[in-house]
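The values are calculated or read from the model by the stated rules, or taken from the named source; none is laboratory data. Since we're looking at a predicted model, the values are computed, not measured. Cβ placement follows ideal geometry from the backbone for every residue including glycine, while neighbour counts extend to all protein chains displayed. Note: accessible area is taken over every heavy atom of the protein model, side chains too, but ligands, DNA and RNA are not part of it. Shrake-Rupley method; radii C 1.70, N 1.55, O 1.52, S 1.80 Å.
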Amino acid sequence: MAAGAQAELVKQYCTGCHNDRSKAGELTLVGWDVTRASAEGGLTEKMIHKLRAGMMPPSGARRPAPDQIATFVTALESRMDALAAADPNPGWRPFQRLNRAEYAREIKAILDLDVDVTAFLPADTISDGFDNVADVQTFSPTLMEGYLRAASRIAMLAIGDPEGSPAQATFKLPKTASQMSQVEGAPPGTRGGISVDHTFVADGDYVFSMDFFAEPLGFLFGASRPGEEIEVSLDGARLAIFQIDPRMSEEKTGLTIKTAPMHVQAGTHRVTAAFIQRFEGLINDLIAPIDHTMADTEIGTAPGITTLPHLRSLSIVGPHRVTGVSDTPSRRRVFSCRALSQADETPCASDIVRRLATQAFRRPVAEKDHARLMTFYARGRKERNFEAGITKALEAVLASPQFLFRIEETPRLRSAGAGVAGSGAYRLGDYELASRLSFFLWGRGPDAELLKAAAQGRLALPGSLKKQSRRMLASPQGDALATRFASQWLRLQDLEKVTPDPILYPYSDQTLSLALKKETELFFDSLVREDRSLLDLLTADYTYANERLARHYGIGNVTGPEFRRVTLPADRRGILGQGSVLTLTSIAERTSPVQRGKWVMEVLLGSPPPPPPPNVPALEETKGTADSGRALTVRERMEQHRSNPQCTSCHRVIDPLGLALENFDATGKWRVRDGGVTVDTKGQLFDGTAIDGPDGLRAALLRHKDVVLLSFTRSLMTYALGRRVEAFDMPTVRRIIRDAEAQNYRISAFVNGIVESDAFRMVKLPASQRSMTTDMPAQERH
């Protein structure tokens, strides 16, 4: 399409809304021509996205023929791609530090130690849906203090502390934690309670304390069931068992039961406080027991509903009467050698410190850094003993900027005052590439094999990154693409913010919520492990469920707490039928078609709607009754709500997407009626296409698969690079999608496309940082 024809098309179909007076979307296209498209890349890419999605021109407005739109978009893309090829820009990011999840995974990899980093580090800021985007990662004295406290505590937990003073660790349960069935990690023959991994810092005596939930008047909740017993076990072996007094109350005992001091060896152990299971099989009752019943505490115990005591928290206090520190997996990770004499101590310590620092710094440790770390060892050795010296050195390693920051060194300066040659772009070193790859696919630093490949300079060889990616995705750590990337891309962290009303949805509890999240993570992990097409995200006829989840979905022949692959009915196929997404896009007492439509637009279509205008009443304020006197359905309330002219334009786009999913209630359970009225899922997509129900929405998204693929690739690239994807990255995104098409859009095609792109392998310094020339070979310059 010629430049003149492009300008005429924009003038004819776009400037009626996007002009200097109306400025719809804060955008004017008056006088638009292809030169402006080249100069304003962000605007051009926004136009491309909206046209590809079919969102512009809006439904009801005059629209050019579909082939005209396709030709126009192709012309814009071709121009932007050609400009990028002529002047490549791999981008740049500021410093990037370890976030909570990456910090915890690094500690696990280095020390075989699971730690709750939320006790030390503040919540990470989310940008573009992810917690690893560098442009919002601030650094403050408070954060540094948290890192220092974490380093001190983790070093002590890893090595042990025979002189440690007693401390208390408390693990809390919400009211919605089910007490009906065995919890994960608990011994057979138990139900409910809590089971956690806890690291004991030394061999000694520990006291285990259990608190229970109370009714509003302060008496034990579930006191109507006499003869209840609770046990405390360590690694599945019973330590103590108690009969629960039904008459215990906050006034008399504080609803607390404590064990006598129990001797426990140092290291990580599975600690469980759980009720004894006294019955199995079907319940012969008019109303089956609800999985959790704490909702009854606000309105009195409802007749016919079985109530059970609820554990509120488990506390572990100790150590007392310390007898030493036993060997543990963490100590074996640290002490790779043992000093048999005082003369052996310094060489042994030197080897330990060098090995730990190399792994933590994700590259060979420099001699000056090794010498600095050895001064910490010497200080601890002088104060106490050899192990105290190693503890001090480990603490220094974990507090070092080289561990806390993912440092990508610029090429070595050659001479002051000289500028960087060419565009300022250069290839990352092998160790930097190793870190980028491992944090992308594993959410942690590189392993020994990846570091070895970096040391030998093999990561720059053609196909090397692809080979390493294949190996890493096949490993157990490859689940990070599901638990880290997909969990954030699909907004699964929002699931914990929604607690369905326990009166309206009494069968929804924390056990179900955790199962919903795990279902989606296992489902996405299967796409990665089996290298399936990304489009299976929408169409897959299977999912993963345990008994609790299968019962919620109405799937038979699934028993036990283990997740297994199950076949789905047509209406529940793909991500649109998974309860995690359906619940996180609801509110406590009802579904929210607006939230569901907004989720589809943000996540699957990459087109977030604008925020609502000020002074517009919330949907909850849109109340009334139908002519028959019944309460309005959600659809009817929404129709009244969007009659406000300020709301119409956006809700016309958002609402049909969410209403198509109204057959799923606020917990993801299938329904056919809402408020006594048959659910109406019919609507019209933003491009004028009629849709009806989950199948109709799924088919509509597949018709616009280009935009779904674009949204996924942008998000995956954002997560991989740790920075926002900019307009200059979009040609790379389009190339990755084109290459993936030839491979049936397999997940590996997107991963390999990203890791082999210039954006992943290279960096372009901002002009302000090009005042120094570099000591890199000419062939490495872009």
How many residues does the stretch 572-597 contain that are in a loop (DSSP other than H, G, I, E, B), under 11 Å from Ala666 (Cβ atoms) and not β-branched (Val, Ile, Thr)? 4
With the requirement that a residue be under 39 Å from the mean Cα position of the chain (by Cα), open to solvent by 30 Å² or more (accessible area, probe 1.4 Å) and in contact (Cβ under 8 Å) with a residue 24 or more places away in the chain, what does the stretch 15-37 give you? Cys17, Gly25
Would you be able to tell me the number of residues in the stretch 330-358 that are of a type outside the set (A, V, I, L, M) and touching a Gly at 6+ places or on another chain (Cβ under 7 Å)? 1
Considering each residue of the stretch 479-508, count those that are more than 9 Å from the chain's Cα centre (by Cα) and open to solvent by 10 Å² or more (accessible area, probe 1.4 Å), and give that number. 15
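So which residues in the stretch 199-228 are aromatic (Phe, Trp, Tyr) and either assigned to a strand (DSSP E or B) or over 29 Å from Pro166 (Cα atoms) (or both), if there are any at all? First the steps, then the outcome.
So in the stretch 199-228, the residues aromatic (Phe, Trp, Tyr) come out as 200, 206, 208, 212-213, 219, 221.
Passing the criteria: Phe200, Tyr206, Phe208, Phe212, Phe219, Phe221.
Would you tally the residues in the stretch 400-427 being modelled with pLDDT of 50 or more and at positive phi?
Our first condition is that a residue be modelled with pLDDT of 50 or more; within the stretch 400-427, this holds for 400-412, 422-427.
Next, from what is left, pick out any that are at positive phi: 422, 424.
Summing the residues that are modelled with pLDDT of 50 or more and at positive phi in the stretch 400-427 gives 2.
Hey, among the residues in the stretch 86-122 that are under 13 Å from the mean Cα position of the chain (by Cα) and without any contact (Cβ under 8 Å) to a residue 40 or more places away in the chain, which one's most open to solvent (accessible area, probe 1.4 Å)?
Here is the first cut: in the stretch 86-122, the residues under 13 Å from the mean Cα position of the chain (by Cα) are 99-102.
Within this subset, residues satisfying the condition of being without any contact (Cβ under 8 Å) to a residue 40 or more places away in the chain are 99-100.
On the way: Asn99: 0, Arg100: 60 Å².
Going through the qualifying residues, I end up with Arg100.
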If you check Gly218 against the conditions, is it farther than 18 Å from Val317 by Cα and either charged (D, E, K, R) or surrounded by fewer than 20 Cβ atoms within 10 Å (Cβ to Cβ) (or both)? yes
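Could you tell me which residue of the stretch 716-746 is surrounded by the most Cβ atoms within 10 Å (Cβ to Cβ), considering only residues that are assigned to a helix (DSSP H, G or I) and in contact with a strand residue (DSSP E or B) (Cβ under 8 Å, 6 or more places away or on another chain)? Can you show your working first?
Going through the stretch 716-746, the residues assigned to a helix (DSSP H, G or I) turn out to be 716-721, 727-741.
In the following step, the residues that additionally are in contact with a strand residue (DSSP E or B) (Cβ under 8 Å, 6 or more places away or on another chain) were identified as 718-719, 740.
Values: Thr718: 22, Tyr719: 26, Ala740: 23.
Within the stretch 716-746, the match that is surrounded by the most Cβ atoms within 10 Å (Cβ to Cβ) is Tyr719.
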Test set (1) more than 30 Å from Asp327 (Cβ to Cβ); (2) modelled with pLDDT of 90 or more; (3) not hydrophobic (A, V, I, L, M, F, W, C) - Pro166 fails condition number: (1)
Any idea how many residues of the stretch 534-572 are open to solvent by 50 Å² or more (accessible area, probe 1.4 Å), among the charged types (D, E, K, R) and closer than 20 Å to Leu514 by Cα? 5
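Can you tell me which residue among Lys46, Lys50 is surrounded by 16 or more Cβ atoms within 10 Å (Cβ to Cβ), without any contact (Cβ under 8 Å) to a residue 40 or more places away in the chain and under 19 Å from Glu726 (Cβ atoms)? Steps first, answer last, please.
Details: Lys50 fails: without any contact (Cβ under 8 Å) to a residue 40 or more places away in the chain.
Result: Lys46 is the single residue among Lys46, Lys50 that is surrounded by 16 or more Cβ atoms within 10 Å (Cβ to Cβ), without any contact (Cβ under 8 Å) to a residue 40 or more places away in the chain and under 19 Å from Glu726 (Cβ atoms).
Would you point out the residue of the stretch 451-469, among those that are of a type in the set (Gly, Ala, Ser) and in contact with a helix residue (DSSP H, G or I) (Cβ under 8 Å, 6 or more places away or on another chain), that is modelled with the lowest pLDDT? Outline the logic, then answer.
At the first step, the residues of the stretch 451-469 found to be of a type in the set (Gly, Ala, Ser) are 453-455, 457, 460, 463-464, 469.
Next cut, in contact with a helix residue (DSSP H, G or I) (Cβ under 8 Å, 6 or more places away or on another chain) only: 453-455, 457, 460, 464, 469.
Details: Ala453: 96, Ala454: 96, Ala455: 95, Gly457: 93, Ala460: 89, Ser464: 95, Ser469: 96.
Only one residue tops the list, namely Ala460.
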